[in-house]
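Report on one structure; see the data block that follows.
The values are calculated or read from the model by the stated rules, or taken from the named source; none is laboratory data. This one's a predicted model, so the numbers in the text were calculated from it and none came from an experiment. Cβ: placed from backbone, ideal geometry, glycine included. Neighbour counts: every protein chain shown. Note: accessible area is taken over every heavy atom of the protein model, side chains too, but ligands, DNA and RNA are not part of it. Shrake-Rupley method; radii C 1.70, N 1.55, O 1.52, S 1.80 Å.
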Amino acid sequence: MSLFSRRPAETPSGPFRFRISEIYQIPTRGVVVTGTVVDGTVQVGANAVVQLPGGAREVVVTRIETARRKRQSAEAGAEAGLYLSGLSTGDIPTVPGGDGQQQDNTGLSGVEVTSA
């Protein structure tokens, strides 16, 4: 093997843990959570569990963004946005405001998303 040969990149696997800092509803994309990958590596298509205050919810990671770029995975230490199918607007906490209720984007701060 020459000095400049490239090996195919290994696909990391194993359990991951992601800590939510904020949650948003993106009109054409769905629910996205932002935060930090605490352990392991999260990949697009991964089955996961969100530990909501009302109980665990199974979700699928449909998209990952880091530094405003679409990625296939994010490793421990990365700040990322995870688009999750299986969550809805009703899962985002609300607070009184304006003429009624408004989303509390930090209402799930500290909640974890883990490998299923």
Subject >> Neighbourhood net charge (13 Å Cβ-Cβ; Lys/Arg +1, Asp/Glu -1) for Thr36 >> reply: -3
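Remind me, relative contact order of the chain in percent, using alpha carbon pairs under 8 angstrom and six or more residues apart?
For the chain, the relative contact order is 32 percent.
Hey, any idea what % of the chain's accessible area is carbon plus sulfur with a 1.4 Å probe? Intermediate values should be presented prior to the final figure.
Values: 3360 of 7260 Å².
Whole-percent figure for carbon plus sulfur exposure: 46.
Kindly report the accessible area of the chain per residue (heavy atoms of protein chains, probe 1.4 Å, no ligands, DNA or RNA), in Å².
Per residue, the chain has 63 Å² of solvent-accessible surface.
DSSP loop trypsin sites (Lys or Arg not before Pro) in the range 61-116 with at most 13 other Cβ atoms within 10 Å of their Cβ, which ones?
Details: sites: Arg63, Arg68, Arg69, Lys70, Arg71; in loops: Arg68.
Sites meeting the loop and neighbour criteria: Arg68.
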Original post:
Within a Cβ distance under 11 Å of Val50, other residues only, what is the Lys/Arg minus Asp/Glu net charge?
Top reply: -2
Subject >> Packing rank of 34-47, 96-109, where each peptide gets the mean count of other beta carbons within 10 Å, highest leading >> reply: 34-47, 96-109
**OP:** Mind grabbing the accessible area of Val49 for me, 1.4 Å probe, Å², rounded to tens?
**Re:** 20 Å²
Original post:
With no solvent and one point per C-alpha, what does the Debye sum give as log10 I(q)/I(0) for the range 6-116 at q = 0.15, 0.23 Å⁻¹?
Top reply: -0.60, -1.31
